[in-house]
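Read through the structure below, which is laid out as C-alpha cells, and then see the notes.
The values are calculated or read from the model by the stated rules, or taken from the named source; none is laboratory data. The shown structure was predicted, so the numbers you read here are calculated from the model rather than taken from an experiment. Cβ placement follows ideal geometry from the backbone for every residue including glycine, while neighbour counts extend to all protein chains displayed. Note: accessible area is taken over every heavy atom of the protein model, side chains too, but ligands, DNA and RNA are not part of it. Shrake-Rupley method; radii C 1.70, N 1.55, O 1.52, S 1.80 Å.
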Amino acid sequence: MDAHTHSPEPPEITAVIPAFNEEQGIDACAAAVRAALEGAQASFELIFIDDGSSDGTWDRIERCHRHDPRVKGLRLSRNFGKEAAMLAGLEAARGRAILTLDADLQHPPSLIPEMIRTWRAGGVQVVDAVKRSRGGEPFLRRLGSRLYNRMALMATGVELEDSSDFKLFDREVAAALLAMGERRRFFRGMAVWAGFSHARIEFDVGGRAAGSSKWSFRGLVWMAWKTIVSYSAAPLRIIHAASASFLILAVALFIRAMQLWLTGRAVSGFTTVIILLLIVGGLMLFCLAVIAEYIMAIYDEVKARPHYLLRERLD
Ligand code: UDP
Ligand code: MG
C-alpha cells in the first residue's frame, strides 16, 4: 500500500501515551482518551509506546489497534524509561497538536476537552495541566518533590512547581523539543525552558487506575540528582564557593600558626591537625565526585547512542 493512501490528512491531535507494564490499564485508558477526544470533535491518533513491558501491555495495544486503527503502537526493544518512550511517541506523532499523558489515568482525560478548547482558541502554544493536589502521594514523597522543585528552580531557573507531563502543545513546540539533541532528557524542564506561551489548567491527581508506580525512592533520588547535573552547573559553582571559603580559612590559620611559631608557642594540638585533614580530605573527595558526575554526563552525551530502539510498530 502506498504510504500516503491510508493517512492523507494529519489528525488534529496526537495523544502520546508511554506505558510500562500497564496491561490492566491500556483498555480503560484508550477508551477514556478516545471518548474525550471524540467529545471535543477532534480528529486524532493515539500512540501507545510500550516501553519494554514484560506483561501483556503490547497484546492489549495490538488488540486496541485492531478495534480502532487510530490507535497506534510503538514497541521499544527494552525498557528505556519514560523520557525515551515519550520521545519515541513525539517523533512518530503527526498531529497538529500533541497531547502527552500517563497510561495509568492519573492524568484525568476529562480535562482533555478543556485543554483542546484552550489551544484552539489560539494565543497559547502550550497548555499545561498542573497538579492542584497530589492524589494519595505519601508525605515523604510530596516533601521530596517540593524540595526538588525548589532546588531545580535555584539551580536552573526553571520553575517546575506542580508541573506534570500532562500537556497539550502544538507542532512548533514539538519541533523545538525534538531539536534538543541531548541524551538526558527531562520533558517537563525542557518544555519550560523552550518558552512559548503557556496556559495552565489545574487538576487533582487521582490514584492509579491499576498497577503500581514504577518509581522507587532510590530511583527518584537518582533521577533528581541526574537532572540537576544535566541541566545546571550550580554544583560546580558550589564547589568554587566552598574552595574559596576554605582558602580564606587556610590563610587565617596560616597566619595564626606563624604567629604561634614566632612567639615560641608552637606545640599545638594533634586533634586539630587530624580534624582539618579529615575535613579537607572529605571535601576534596566530594568535589571530585561532583566533577565525576559531570564527566559522566558528558560521556553520555558524547557516546550519542540512540535514545531508544524500536522492536515493532503498529500503524
Ligand atoms: N513509564 C514508562 N517507562 C518507565 C516508567 C514509567 O513508560 O520506565 C510510564 C508509565 O507506564 C506511566 C507513566 O510513565 O504511563 C508514569 O509512570 P508512573 O505512574 O509509574 O509514575 P508516577 O505517576 O508514579 O509518577
Ligand atoms: Mg502514575
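Summary of computed values
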{"item": "THR263 vs. criteria more than 16 Å from ligand 2 (Cβ to nearest atom), among the β-branched types (Val, Ile, Thr) and modelled with pLDDT under 80", "result": "no"}
{"item": "Failed item, numbered, when ARG184 is tested on (1) in a helix (DSSP H, G or I); (2) within 15 Å of the chain's Cα centre (by Cα)", "result": "(1)"}
{"item": "Residue in the range 240-256 that is part of a helix (DSSP H, G or I), basic (Lys, Arg), open to solvent by 50 Å² or more (accessible area, probe 1.4 Å) and more than 30 Å from ARG142 (Cα to Cα) present", "result": "yes"}
{"item": "Residues satisfying the stated conditions in the range 39-84, i.e. assigned to a loop (DSSP other than H, G, I, E, B), crowded, with 20+ Cβ neighbours inside 10 Å and touching a Lys or Arg at 6+ places or on another chain (Cβ under 8 Å)", "result": "ASP51, GLY52"}
{"item": "Single unsatisfied condition, PRO18 versus (1) closer than 21 Å to GLY211 by Cβ; (2) away from ligand 1 (no atom under 11 Å from the Cβ)", "result": "(2)"}
{"item": "Matching entry among PHE246, PHE187, PHE254, PHE196 (being within 16 Å of ligand 2 (Cβ to nearest atom) and not basic (Lys, Arg))", "result": "PHE187"}
{"item": "Every residue from the range 127-146 that is out of contact with any Asp or Glu (no Cβ under 7 Å at 6 or more places or on another chain), within 16 Å of ligand 1 (Cβ to nearest atom), outside any helix (DSSP H, G or I) and among the hydrophobic types (A, V, I, L, M, F, W, C)", "result": "ALA129"}
{"item": "Restricting the range 91-126 to residues that are within 16 Å of ligand 2 (Cβ to nearest atom) and in a loop (DSSP other than H, G, I, E, B), the residue that is surrounded by the fewest Cβ atoms within 10 Å (Cβ to Cβ)", "result": "PRO108"}
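Condition check ((1) open to solvent by less than 60 Å² (accessible area, probe 1.4 Å); (2) more than 16 Å from ligand 1 (Cβ to nearest atom); (3) in contact with a His (Cβ under 7 Å, 6 or more places away or on another chain)) across all residues:
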site: ARG200; (1), (2), (3): no, yes, no
site: PHE203; (1), (2), (3): yes, no, no
site: ARG218; (1), (2), (3): no, no, no
site: VAL229; (1), (2), (3): yes, yes, no
